[in-house]
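Please read the structure below before turning to the comments.
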Amino acid sequence: MKRLRHFLMIMVAVAIPAAITAVESPKAKAEPVIDITKGNVEPMPIAIPDFYGSQTGADIARVVSADLERSGLFKPISPQAFIQDNASLQQGPRFQDWRVLNAQALVSGAAQSTANGQVQVQFRLWDVFGESQMTGFQYNASQNNWRRVAHQIADEIYKRITGEEGYFDSRVVYVSESGPKNARVKRLAIMDQDGENHRYLTDGAALVLTPRFSPVSQDITYMSFYNNKPRVYLFNINTGQQEILGDFPGMTFAPRFSPDGSKVIMSMAQNGNTDIYEMDTRTRRSRRLTDNPAIDTSPSYSPDGGRIVFNSDRGGEQQLYVMNADGSGVQRISKGQGRYATPVWSPRGDLIAFTRMAQGQFYIGVMRPDGSGERQLSSGWLVEGPTWAPNGRVLAYFVSDPSGRTQLHSIDLTGYNERVMKTPLDGSDPAWSPLLSSQ
């Protein structure tokens, strides 16, 4: 088993209505680690007993276990096999009891109500074979915020063992679909990344398409048809406040935000020519970035805001191009056969995800910003619309079948962990939020 460097405790602050305190831990000789850059990763056995003290503690442990299992990197051990109970675990692990289960990591915790009506949650992550604590935190949150605390604990465990940021404390906005193939009702909906806390944001009276999250706030843009003309809205999820960004008759996709949230970028048809435009969300002033007889569409900023990827048929077939943020220095980056569409820059900046259509098949793939290292992650009759998890290591997208049914899926960069994302009805056009704790 590979081992990680000596432990260094890092204090983190999370911007939710909860106070978080790091729990001191001794230095470890060596610790379990998962290298997520490999292809097919063998899931790490991990034991997650119910957190001691309340039913909320049991619920938190269940959510933490489900988050880690769904990542494909962890294999939670069945609680029926546990030898040490969660009460005695509060005095410290009997490591031998966990080694016989082949648990490489162990999570212990407690959750208790406080006098002011909040819940206090503590957890510790243990290296079973090294017999040492890897990390630990204490959270104080409102009672109805326990699920977010569970997601944050899963993020801390994921980060400590993989060395990468987690993605569990996040949400997905998407288009909920129902009705027959030729008369679909499309509503805007949002849920936690695990499908919980689902709710609808629009009533289905108007067709909605292509929601997009702001990188810095809980704002989204989406496109809706008003009098059969596309209108783009800004919608604040926390307050429910909505405003019109503008009417854009030549638009086919909602705009995407700039990394600082101050601008949106979009494609619009003016005088029969479709080009890339940038608009300031405060002044509503726009400027054209491309001027080409071809169709330029689906733009997406790099995370530093310095470059833009988009697709264009200026070379005779729909391909991916990268340019500077002012529209200069356009270069084609896709080199394969078929058509490329819906490019999205990773929040890490290292990859661009896309949809590719070739030989009657659709593919979800990734490539580096210079076009090298193209890899296929998923394929199907119709798979499209990739969106990045906030850690840049997982993608969501949607899958359609010939009958018109649609379903959300997720897959990690290894291509080995494809999962269905549960929704009450059909779902399409997903957009993953930033980490809630980063805002």
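The values are calculated or read from the model by the stated rules, or taken from the named source; none is laboratory data. Worth saying up front: this structure is predicted, and the values here are computed from it rather than measured. Every residue, glycine as well, gets a Cβ built from its backbone with ideal geometry; the counts of neighbours run over all protein chains shown. Accessible surface areas use protein heavy atoms only, side chains included; no ligands, DNA or RNA. Shrake-Rupley method; radii C 1.70, N 1.55, O 1.52, S 1.80 Å.
Per-structure values
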| item | result |
| --- | --- |
| Residue that is most open to solvent (accessible area, probe 1.4 Å) [pool: residues in segment 294-312 that are touching a Phe, Trp or Tyr at 6+ places or on another chain (Cβ under 7 Å) and over 14 Å from Trp345 (Cα atoms)] | Thr297 |
| Asp291 vs. criteria closer than 15 Å to Ile220 by Cα, open to solvent by 70 Å² or more (accessible area, probe 1.4 Å) and modelled with pLDDT of 90 or more | no |
| Selection from segment 179-205 of residues that are open to solvent by less than 40 Å² (accessible area, probe 1.4 Å) and not in a strand (DSSP E or B) | Gln193, Asp194, Gly195, Leu201, Thr202, Gly204 |
| Pairs where the first residue, in segment 330-358, is at positive phi and the second is modelled with pLDDT under 95 and surrounded by fewer than 17 Cβ atoms within 10 Å (Cβ to Cβ), C-beta under 9 Å, 6+ apart | Gly338/Glu317; Gly338/Ala358; Gly338/Gln359; Gly338/Gln361 |
| The lone exception for Tyr277 - which of (1) open to solvent by less than 20 Å² (accessible area, probe 1.4 Å); (2) closer than 26 Å to Arg231 by Cβ; (3) among the hydroxyl-bearing types (Ser, Thr, Tyr) it fails | (1) |
| Residues of segment 344-362 that turn out to be open to solvent by 50 Å² or more (accessible area, probe 1.4 Å) and of a type outside the set (Lys, Arg), as a count | 5 |
| Boolean, Ser176 is surrounded by 21 or more Cβ atoms within 10 Å (Cβ to Cβ), at pLDDT 95 or above and under 30 Å from Ser403 (Cα atoms) | yes |
| Single residue of Ile36, Ile48, Ile16 found to be under 21 Å from Ser437 (Cβ atoms), touching a strand residue (DSSP E or B) at 6+ places or on another chain (Cβ under 9 Å) and either at pLDDT 95 or above or acidic (Asp, Glu) (or both) | Ile48 |
| Subset of segment 257-289 [assigned to a loop (DSSP other than H, G, I, E, B) and within 21 Å of Arg332 (Cβ to Cβ)] | Leu289 |
| Residue identified as without any contact (Cβ under 8 Å) to a residue 24 or more places away in the chain and among the basic types (Lys, Arg) among Arg171, Arg148, Arg187 | Arg187 |
| Segment 303-322, residues that are basic (Lys, Arg) and within 24 Å of the chain's Cα centre (by Cα) | Arg307 |
| Residue count, segment 206-243 (criterion: touching a strand residue (DSSP E or B) at 6+ places or on another chain (Cβ under 8 Å), free of Cβ contacts under 8 Å to residues at least 40 places away in the same chain and not in a strand (DSSP E or B)) | 3 |
| Unique match (being in contact with a Phe, Trp or Tyr (Cβ under 8 Å, 6 or more places away or on another chain) and closer than 30 Å to Asn391 by Cα) among Val175, Val107 | Val107 |
| Test result for Arg282, charged (D, E, K, R) and closer than 24 Å to Gly338 by Cβ | no |
| Members of segment 416-434 found to be open to solvent by 30 Å² or more (accessible area, probe 1.4 Å) and assigned to a loop (DSSP other than H, G, I, E, B), listed by number | Tyr416, Glu418, Lys422, Thr423, Pro424, Leu425 |
| Where a residue in segment 91-107 is modelled with pLDDT of 95 or more and its partner, wherever it lies, is among the hydroxyl-bearing types (Ser, Thr, Tyr) and part of a strand (DSSP E or B), with Cβ under 8 Å and at least six apart | Pro93/Ser108 |
| Residue list for segment 246-276, restricted to those being at pLDDT 85 or above, touching a Leu at 6+ places or on another chain (Cβ under 9 Å) and within 16 Å of Thr210 (Cβ to Cβ) | Pro255, Val264, Ile265, Ile276 |
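Conditions tested, residue by residue: (1) over 16 Å from the mean Cα position of the chain (by Cα); (2) modelled with pLDDT of 95 or more.
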| residue | (1), (2) |
| --- | --- |
| Trp345 | no, yes |
| Thr355 | yes, yes |
| Gly360 | yes, no |
| Trp388 | no, yes |
| Leu395 | no, yes |
| Ser400 | yes, no |
| Ser428 | no, yes |
| Leu435 | no, no |
